[in-house]
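First comes the structure, then the notes that go with it.
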Amino acid sequence: MRVRTTAIAAAVSSLALLTGCGAADMTKQASPFANAQGAKTVTLSVQSWVGAQSNVAVAQYLLEHELGYRVDTVQVDEVPAWDALSQGRVDALLEDWGHPEQEQRYVKDKKTIAPAGELGVTGHIGWFVPTYLAKQHPDITNWKNLNKYADLFRTPESGSKGQLMDGSPSYVTNDKALVKNLKLDYQVVFAGSEAAQITQMKQFAKEKKPFLTYWYSPQWLFKKVPMTEVKLPAYKEGCDADPEKVACAYPHTPLQKYLNTDFAKNGGKAAAFLKKFKWTTGDQNEVSLLIADKKMTPEDAAKKWVDSHKSTWKKWLP
């Protein structure tokens, strides 16, 4: 999914449903458990979207209940997560949506972060309209026709232009550049967080109102609010290299895991387990739906999934 800058909240001992509005500075505050010599503890970074929370919830549950570790979680956005991981302030990042600059700096140059394999989930960001709107106006799903429908998407926040709803400004997004470079009569409006964006989309859908939104898969909301992707100019390797000149769709990204290099070498069974941790989009959505829609605690959602998928997670144990 996504991020550029923003802050990090203080370490918490259990995973909560987060909204992406951190406060603490990770350069000044570290988990007391990360990189602790000889301590059977693990610190996992957790991003603000529910899919990432689902990864951490299940990994935490199994580390604690099957391997006997104490697990600490720290809310951290995507780019700061790389910094914290490099510094050993967190041990693992379980869902990265692609950050070539950080990968070059920390994995290839400094070698302070080690790849831990694919998560097993492919992520994709795009622009979406509700399917009920796409059925009413089939040509609305081609970006070339969006200006024709700009009036449909006007809101008080977007003024005289159509609204393109984004989530958190911290998420990876090319939308402002896309609107400018594709000469679209739209204004990018940030909801502020994934939770706030979901609230708005559900309300629009309830009232059958039109909306155009930045969204991504995997995401449990597609089961509740069917959406159809708007076709942007085809993605080609390198078309998004210059953030100011982007005029193409977002790529499909196999999501990656990363470990602090020292932890990868010396983290014992916990490191071995996290390297083997790999599940499907369906698995992640199942847990995400329990957390975000059914309002279960992350721990209870993880337990429910673990209880019914023993054949899957048993393969991850060292």
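The values are calculated or read from the model by the stated rules, or taken from the named source; none is laboratory data. Please read all numbers here as calculations on a predicted model, not as lab measurements. FYI the Cβ positions are ideal-geometry reconstructions off the backbone, even for glycines, and counts take in every protein chain you see. Calculation scope for accessible area: heavy atoms of the full protein, side chains included, ligands and nucleic acids excluded. Shrake-Rupley method; radii C 1.70, N 1.55, O 1.52, S 1.80 Å.
For ALA116, list long-range residues whose amide hydrogen, built 1.01 Å from N in the peptide plane, is under 5 Å from its own amide hydrogen.
LYS257, TYR258, LEU259
Could you provide, to the nearest whole Å², the per residue accessible area of the chain with probe 1.4 Å?
Accessible area per residue, the chain: 44 Å².
If you take every DSSP beta bridge fully contained in segment 124-252, what fraction is antiparallel? Give it as a percent rounded to 5.
60 percent
Nearest 5 is fine: what % of DSSP beta bridges in the chain come out antiparallel, could you say?
So the antiparallel bridges amount to about 60 percent of the total.
What dipole magnitude, in Debye to the nearest 20, does segment 124-252 give about its Cα centre under +1 on Lys/Arg Cβ and -1 on Asp/Glu Cβ?
Using Cβ point charges on Lys, Arg, Asp and Glu, segment 124-252 gives about 460 debye.
All other residues with a Cβ under 11 Å from the Cβ of LYS223 taken together, and with Lys, Arg as +1 and Asp, Glu as -1, what is their net charge?
Result for the neighbourhood of LYS223: -1.
Restricting to DSSP loop positions (anything but H, G, I, E, B) with no more than 14 other Cβ atoms inside 10 Å of their own Cβ, which GluC sites (Glu not before Pro) remain in segment 90-168?
GLU157
Within segment 224-276, report the trypsin sites (Lys or Arg not before Pro) that DSSP leaves as loop and that have at most 11 other Cβ atoms within 10 Å.
LYS236
Note down the net charge around ARG105, summing +1 for each Lys or Arg and -1 for each Asp or Glu among other residues with Cβ under 13 Å from its Cβ.
-1
If you place +1 on the Cβ of every Lys and Arg and -1 on the Cβ of every Asp and Glu, how big does the dipole about the Cα centre of segment 174-236 come out, in debye to the nearest 20?
Here the size comes out at about 140 debye.
What is the set of long-range amide H partners of THR228 at a cut-off below 5 Å, with H atoms built 1.01 Å from backbone N?
Here the answer is VAL129, THR131, since their amide H atoms fall under 5 Å of that of THR228.
Here are several values of Rg and Dmax of the Cα atoms in Å: (i) 28.4, 109; (ii) 18.4, 58; (iii) 19.9, 63. Which one was derived from the coordinates shown?
Evaluating Rg and Dmax of the Cα atoms in Å on these atoms matches (iii).
Could you give each residue of segment 213-225 its phi-based ³J(HN,Hα) in whole Hz, using Karplus coefficients 6.51, -1.76, 1.60 with θ = phi - 60°, and x for Gly or Pro?
For segment 213-225, the Karplus-derived couplings read 9, 5, 8, 8, 10, x, 7, 5, 5, 4, 6, 9, 10 Hz, x marking Gly and Pro.
Using the Cα gyration tensor of segment 203-312, with a ≥ b ≥ c the square roots of its eigenvalues, what is the shape: rounded (a/c below 1.5), prolate (a/b larger than b/c) or oblate (neither)?
oblate
Using Cα pairs under 8 angstrom and six or more residues apart, how large is the relative contact order of segment 168-318, in percent?
For segment 168-318, the relative contact order is 21 percent.
Give me the percent of the accessible area of segment 124-252 that comes from carbon and sulfur atoms, probe 1.4 Å, all protein chains in place. List each step's numbers first, then the result.
Values: 3260 of 6250 Å².
Its accessible area is 52 percent carbon and sulfur atoms.
Would you work out if segment 49-158 is rounded, prolate or oblate? Take a ≥ b ≥ c from the square roots of the eigenvalues of the alpha-carbon gyration tensor; rounded if a/c is under 1.5, else prolate when a/b is larger than b/c, oblate otherwise.
Details: a/c = 2.93, a/b = 2.04, b/c = 1.43.
Note, shape of segment 49-158 comes out prolate.
Evaluated at 20 °C with a viscosity of 1.002 mPa s, what Stokes-Einstein diffusion coefficient in µm²/s does segment 272-318 have when Rh comes from the Kirkwood expression over alpha-carbon pairs? List each step's numbers first, then the result.
On the way: Rh = 11.2 Å.
Value of D from the Cα-based Kirkwood radius: 192 µm²/s.
Before anything else, pin down the relative contact order of the chain: Cα pairs under 8 Å, at least 6 apart, normalised by residue count, whole percent.
25 percent
Quick check: from the Cα gyration tensor, does segment 124-252 come out rounded (a/c under 1.5), prolate or oblate? Intermediate results must be reported in sequence, preceding the final value.
Numbers: a/c = 1.39, a/b = 1.27, b/c = 1.09.
It is rounded, given that a/c, with a ≥ b ≥ c, falls under 1.5.
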